[in-house]
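The values are calculated or read from the model by the stated rules, or taken from the named source; none is laboratory data. Predicted, not measured: the structure shown is a model, and the values here were computed from it. Note that we place each Cβ from the backbone using ideal geometry, even for glycine, and neighbour counts take in every protein chain shown.
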Amino acid sequence: MLWANLHLLFWLSLLPFSSGWMGENHFAPAPVFLYGIDMLGAATAYFVLSKMLVRLHGDVSTLAKAVGRDRKGLVSLLAYVLALPLAHLFTWCAVAIYVAVAVLWVIPDKRIERAMES
């Protein structure tokens, strides 16, 4: 569990560098691609950590009910994989995908509230 958490923290620690480089270079293809790699790494690490936590607590735990199939996590992974090739061809499309994934995570998820109530 500790290694999975450290894996996530590693990718998150790279965000200031990759987002700063992307901003300094006015969304050039290479920094946008690197930002996507960083976000894909963080999304993968989050997905692995959430699956490990569910496995640790069991399939019938409140956590497992709250996480469910983790559609947000899977959609995020697929979106980042899709955005990486677009970063070189259509840079602004890749940036739009990154923003869409961020908006997806900003919208509150009612699964946890429902699982805690039951």
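Side notes on the structure shown:
- Selected residue (criterion: nearest to Leu8 (Cα to Cα)) from residues of the stretch 24-69 that are free of Cβ contacts under 8 Å to residues at least 40 places away in the same chain and among the hydroxyl-bearing types (Ser, Thr, Tyr): Tyr46
- Matching residues, the stretch 23-42, being part of a helix (DSSP H, G or I) and farther than 20 Å from Ser76 by Cα: Gly23, Glu24, Pro29, Ala30
- Extreme residue, surrounded by the most Cβ atoms within 10 Å (Cβ to Cβ), among residues of the stretch 64-74 that are touching a Ser or Thr at 6+ places or on another chain (Cβ under 9 Å) and in a helix (DSSP H, G or I): Val67
- The numbered conditions (1) assigned to a helix (DSSP H, G or I); (2) over 13 Å from the mean Cα position of the chain (by Cα); (3) exposed (fewer than 13 other Cβ atoms within 10 Å of the Cβ) are all true for Val54 except (3).
Yes/no per residue for (1) buried (at least 18 other Cβ atoms within 10 Å of the Cβ); (2) modelled with pLDDT under 95; (3) in contact with a Phe, Trp or Tyr (Cβ under 9 Å, 6 or more places away or on another chain):
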{"site": "Met1", "(1), (2), (3)": "no, yes, no"}
{"site": "Ser13", "(1), (2), (3)": "no, no, no"}
{"site": "Asn25", "(1), (2), (3)": "no, no, no"}
{"site": "Pro29", "(1), (2), (3)": "no, no, no"}
{"site": "Asp38", "(1), (2), (3)": "yes, no, yes"}
{"site": "Ala87", "(1), (2), (3)": "yes, no, yes"}
{"site": "Phe90", "(1), (2), (3)": "no, no, no"}
{"site": "Glu113", "(1), (2), (3)": "no, yes, no"}
{"site": "Met116", "(1), (2), (3)": "no, yes, no"}
